[in-house]
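Here the structure comes first, spelled out in structure tokens, and everything after it is commentary.
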Amino acid sequence: MALMTGAQYIESLRKLNTRVYMFGEKIDNWVDHPMIRPSINCVAMTYGLAQNPEYKDLMTVKSHLTGNTINRFSHIHQSTEDLKNKVKMQRLLGQKTGSCFQRCVGMDAFNAVYSTTYEIDEKYGTSYHENFKKFLIYVQDEDLVVDGAMTDPKGDRSKAPHAQDDPDMFLRIKERRPDGIVVCGAKCHQTGSVNSHWHIVMPTQAMREDDKDYAVCFACPSDAEGLYMIYGRQSCDTRKLEEGADVDLGNKKFGGQEALVVFDDVFIPNEYIFMNGEYEFAGMLVERFAGFHRQSYGGCKAGVGDVVIGAAALAAEYNGADKASHIKDKLIEMTHLNETLYSCGIACSAEGCPTKCGSYMIDLLLANVCKQNVTRFPYEIVRLAEDIAGGLMVTMPSEKDFKSDTVVGRNGETIGDVCNKFFAASPACSTEDRARVLRLLENLCLGASAVGYRTESMHGAGSPQAQRIMIQRQGNIDGKKDLAKVIAGIKKDK
């Protein structure tokens, strides 16, 4: 099958019987729901750019499994060049959408599962790797979106999975059958889950033998029997429900998406199982997925950061303050921080190396450094953007006020006249354009796109402490102590 267009992708979602709930009710036509559609448009952009000759080399690649041209989001990295192109592609999409385009989790899951199943089979003689390759070829040939699901609710964080009062706090194998398994539980904060054709479920942490029923990895369709999703709220999300909403949305066309995905006794056939109790490999899979996903943030966050910087610069120009030296300095600092994020993503890619199965893995230390920076720098970029924009970003009257013809002034002035008069600034722009860029900044810094930028920068791909643990593990402090001993003339311990 040829690569899908964005329009074909959207139509393909209509063929699914995905169960979606929002505000306590089932959403039948979720594809056209005004709160969901912007996130679908983001995913559609990953298809649209793949059809654009200008971006063909970045967005598409030859499958090492079939030799066919595929979307890079379903590719298994074969070189450091592949790893770098992944980051470049993610930055491009961040620039084009100003939001989360949602396919990264599936791509990162593909690459983590591909190499881990190979090593499970190597030890146990299982057929997980072949199962996964067949599934991946299907995904590539059909040009599908697959969600990578790792985060469990976790319940009482002081207890292991098997020790939870409620066993469903970690997704588990409830029953093993000759033809497959039955799973029960949930996955939280699932990026793009509603917009995906399939899901890949992975364990959420390293496991011990007592937790082997929680050491499970598999694929299942989004409309599998027993699977349903509860849509996550975002700040200012109901603005999309307002009739004629435009300026107040900031980023009208694009947005991110998160959901709680519930597995209520879902049957998984053997052909879609990629781990079934091999608990000692759970940590490997988690570590590899987390590494790939932390690399991803060096691309997507830099791309959205480009939009934040551009919006802040426009706000300064429209305010008539763009020539001020402190504004220029703040924009320089924002650019410096943003390029540092990107450089970390490129660095961990350039230092990648092959795994046992031949696919390429990023440098784990540098990937975790990349994500550790992401937990900090976007917050400073946002702080500076808000500083430049001014308080009007969060105190401005509504779009309806700017367009209102209700008379309030003694000389017949309408509410719209008053708002347009008093919120005018530089002659370089109209009052509406000034309002548009300020609403865009509100959206990026505080509103619906914060899930794809500010707050998500903190917790996506693991909390800051998760990266610090990996940095400690990969940092080779003992080796650095030896370097110091040699230079200082201290004899090494015998």
Worksheet entry | From the options Asp121, Asp152, Asp141, residue that is closer than 18 Å to Ile10 by Cα and either of a type in the set (Asp, Glu) or part of a helix (DSSP H, G or I) (or both) | Asp141
Discussion item. Take residues that are under 22 Å from Cys220 (Cβ atoms) and open to solvent by less than 50 Å² (accessible area, probe 1.4 Å) and tell me which of the helices (runs of 4 or more DSSP H) falling wholly in region 1-79 contain 3 or more.
Written reply: 6-14, 37-48
Worksheet item: Of the residues that make up region 257-275, is at least one open to solvent by less than 10 Å² (accessible area, probe 1.4 Å) and in a loop (DSSP other than H, G, I, E, B)?
Response: yes
Discussion item. When you check His189 against the structure, is it open to solvent by 50 Å² or more (accessible area, probe 1.4 Å) and touching a Ser or Thr at 6+ places or on another chain (Cβ under 8 Å), yes or no?
Written reply: yes
Fill in: Within region 354-368, tally of residues that are touching a residue at least 60 places away in the same chain (Cβ under 8 Å) and either assigned to a strand (DSSP E or B) or not hydrophobic (A, V, I, L, M, F, W, C) (or both)
7
Worksheet item: Among the residues of region 395-419, which ones are closer than 30 Å to Tyr453 by Cβ and either in contact with a Phe, Trp or Tyr (Cβ under 6 Å, 6 or more places away or on another chain) or surrounded by 14 or more Cβ atoms within 10 Å (Cβ to Cβ) (or both)?
Response: Met396, Pro397, Ser398, Glu399, Lys400, Asp401, Phe402, Lys403, Cys419
Worksheet item: Got a number for residues in region 314-326 being farther than 26 Å from Gln90 by Cα, in a helix (DSSP H, G or I), in contact (Cβ under 8 Å) with a residue 40 or more places away in the chain and open to solvent by 30 Å² or more (accessible area, probe 1.4 Å)?
Response: 3
Item to complete: Would you please name the residue that is surrounded by the fewest Cβ atoms within 10 Å (Cβ to Cβ), looking only at residues in region 278-313 that are among the acidic types (Asp, Glu) and part of a helix (DSSP H, G or I)?
Response: Glu280
Response to the item:
For region 223-247, pairs from a residue that is open to solvent by 40 Å² or more (accessible area, probe 1.4 Å) to a residue that is among the hydroxyl-bearing types (Ser, Thr, Tyr) and outside any loop (DSSP other than H, G, I, E, B), with Cβ under 6 Å and 6 or more apart or across chains, are Ile230/Tyr21
Discussion item. Every residue in region 353-390 that is crowded, with 24+ Cβ neighbours inside 10 Å and of a type outside the set (A, V, I, L, M), please.
Written reply: Asn368, Cys370, Lys371, Pro378
Discussion item. So for region 435-451 (the condition being modelled with pLDDT under 90, in a loop (DSSP other than H, G, I, E, B) and surrounded by 13 or more Cβ atoms within 10 Å (Cβ to Cβ)), does at least one residue qualify?
Written reply: yes
Discussion item. Go through region 470-489 and report how many residues are assigned to a helix (DSSP H, G or I) and touching a residue at least 60 places away in the same chain (Cβ under 8 Å).
Written reply: 3
Worksheet item: Restricting region 82-101 to residues that are of a type in the set (S, T, N, Q) and open to solvent by 10 Å² or more (accessible area, probe 1.4 Å), which is farthest from Tyr128 (Cα to Cα)?
Response: Gln95
Item to complete: For residues that are at pLDDT below 90 and part of a helix (DSSP H, G or I), tally how many sit in region 459-469.
Response: 1
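The values are calculated or read from the model by the stated rules, or taken from the named source; none is laboratory data. Everything quoted here is computed from the prediction, not taken from an experiment. Heads up, the Cβs are rebuilt from the backbone with ideal geometry, glycines too, and the neighbour counts pull from every protein chain shown. What goes into the accessible areas is simple: the full protein's heavy atoms, side chains included, and nothing from ligands, DNA or RNA. Shrake-Rupley method; radii C 1.70, N 1.55, O 1.52, S 1.80 Å.
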